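Asks: I'd like to ask some things about the structure below.
The values are calculated or read from the model by the stated rules, or taken from the named source; none is laboratory data. Being a predicted model, the structure only gives us computed values, none of them experimental. Here the Cβ positions follow ideal geometry from the backbone for every residue, glycine too, while neighbour counts run over all protein chains shown.
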Amino acid sequence: MLGVVTVVAMANPLLTDKAMGLGNLDKRNDSWAPPTVEPMNDGPVTRWDGGIMTVAGTASATMMLLVLILASATVTWLSIDAPAPGEMVQIPFGWVIGGFIIGLIAVMVGSFKPHLARIAAPIYALAEGVVLGAISRAYSEQYNGIVLQAVGATLGVFVVMLLLYRSRIIKVTDRTRRIVMGAMMGLMAFYLVSFVIGMFGSMPSFISDASPMGIAFSLFVAGLAAFSLALDFDMIEKGVANKLPAHMEWFCALGLVVTLVWLYLEILRLLSKLREN
């Protein structure tokens, strides 16, 4: 199940030049040119007082989505009965599948209709919170304290990547973006093929086992998720520089939260493998 949820979690490239309407990137020097497109006429912008996209507004929207995920995950966690001694925790798979589907639909709506992201993003956060709450509870019953470790590691990676990006130690170029996006698409295809194979036989063992190859695979995927944060930061910076409408704050926040969910799931998987050794 975690592998399937990961496919949706990494359904990000949400933040692309095309999706954000940034068609004026100067390819010669990889800088931004002033926008020449006509203003978007999708109705009122998302921020209630109107205006243009800002970093502070995007950060506020991101924090709100994270709070919704935490609240939804907490309710789901508490609603799952503690298992009897020697038994496995009973996960409500109907909730997980329902949250999975709703989250996927919300991401797709936000991706194709950015001006609706203010509605799609909170729906995604609430639905994904159900999924994360159930999965986290299952891991917690098997590995004591692993959830707090995964949350802490995810926050730590986020802060480090932000500092590396802001200090320009990590620079996002067109070539870098193509490499990362290509790796993400390849990984997504691999997960989907593995899931289909698993329906008729068994999935590749290294996806979930604690062998050296399995740990190396999880390290690679977690690293890819971490580097995807730099791409998200870059697109947010572009949106602010091009003075996009304020509703793009929710669109960018949705993309960033999707990446954080993916990173958390991969770190959770990696820590569980390390616990097995």
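Asks: If you scan segment 143-187, which residues turn out to be closer than 21 Å to residue 273 by Cα, surrounded by 12 or more Cβ atoms within 10 Å (Cβ to Cβ) and out of contact with any Leu (no Cβ under 8 Å at 6 or more places or on another chain)?
Replies: Here is the first cut: in segment 143-187, the ones closer than 21 Å to residue 273 by Cα are 143-157, 187.
Next cut, surrounded by 12 or more Cβ atoms within 10 Å (Cβ to Cβ) only: 143, 146-147, 149-151, 153-155, 157, 187.
If the condition is that a residue be closer than 21 Å to residue 273 by Cα, surrounded by 12 or more Cβ atoms within 10 Å (Cβ to Cβ) and out of contact with any Leu (no Cβ under 8 Å at 6 or more places or on another chain), then 151, 155 are the ones that fit.
Asks: Now a separate question. Got a sec? Which of 97, 135, 119, 105 is without any contact (Cβ under 8 Å) to a residue 24 or more places away in the chain and closer than 25 Å to residue 272 by Cβ?
Replies: 97
Asks: Across segment 238-248, what is the total count of residues that are closer than 23 Å to residue 106 by Cβ and either outside any helix (DSSP H, G or I) or at pLDDT 95 or above (or both)?
Replies: 4
Asks: Something else: Scan segment 65-87 for residues that are over 18 Å from residue 131 (Cα atoms) and either of a type in the set (A, V, I, L, M) or touching a residue at least 12 places away in the same chain (Cβ under 8 Å) (or both) and report the count.
Replies: Summing the residues that are over 18 Å from residue 131 (Cα atoms) and either of a type in the set (A, V, I, L, M) or touching a residue at least 12 places away in the same chain (Cβ under 8 Å) (or both) in segment 65-87 gives 2.
Asks: Mind checking which residues of segment 88-116 are closer than 13 Å to residue 134 by Cα and touching a Leu at 6+ places or on another chain (Cβ under 9 Å)?
Replies: Residue satisfying the conditions is 99 alone.
Asks: Criterion first (of a type outside the set (Val, Ile, Thr), buried (at least 20 other Cβ atoms within 10 Å of the Cβ) and over 29 Å from residue 167 (Cβ atoms)) does residue 275 satisfy it?
Replies: no
Asks: To continue, here is another question. Quick one: which residue in 125, 134, 138 is within 30 Å of residue 234 (Cβ to Cβ) and either at pLDDT below 95 or assigned to a helix (DSSP H, G or I) (or both)?
Replies: Among 125, 134, 138, only 125 is within 30 Å of residue 234 (Cβ to Cβ) and either at pLDDT below 95 or assigned to a helix (DSSP H, G or I) (or both).
Asks: Residues in segment 199-237 that are more than 18 Å from residue 269 (Cα to Cα) and at pLDDT below 90: how many?
Replies: Total satisfying the criteria: 4.
Asks: Can we say residue 150 is more than 19 Å from residue 269 (Cα to Cα) and either at pLDDT 95 or above or under 15 Å from the mean Cα position of the chain (by Cα) (or both)?
Replies: No; evaluated as a whole, the condition is false for this residue.
Asks: Going through segment 188-235 one residue at a time, which ones are of a type in the set (D, E, K, R) and surrounded by 16 or more Cβ atoms within 10 Å (Cβ to Cβ)?
Replies: 232, 234
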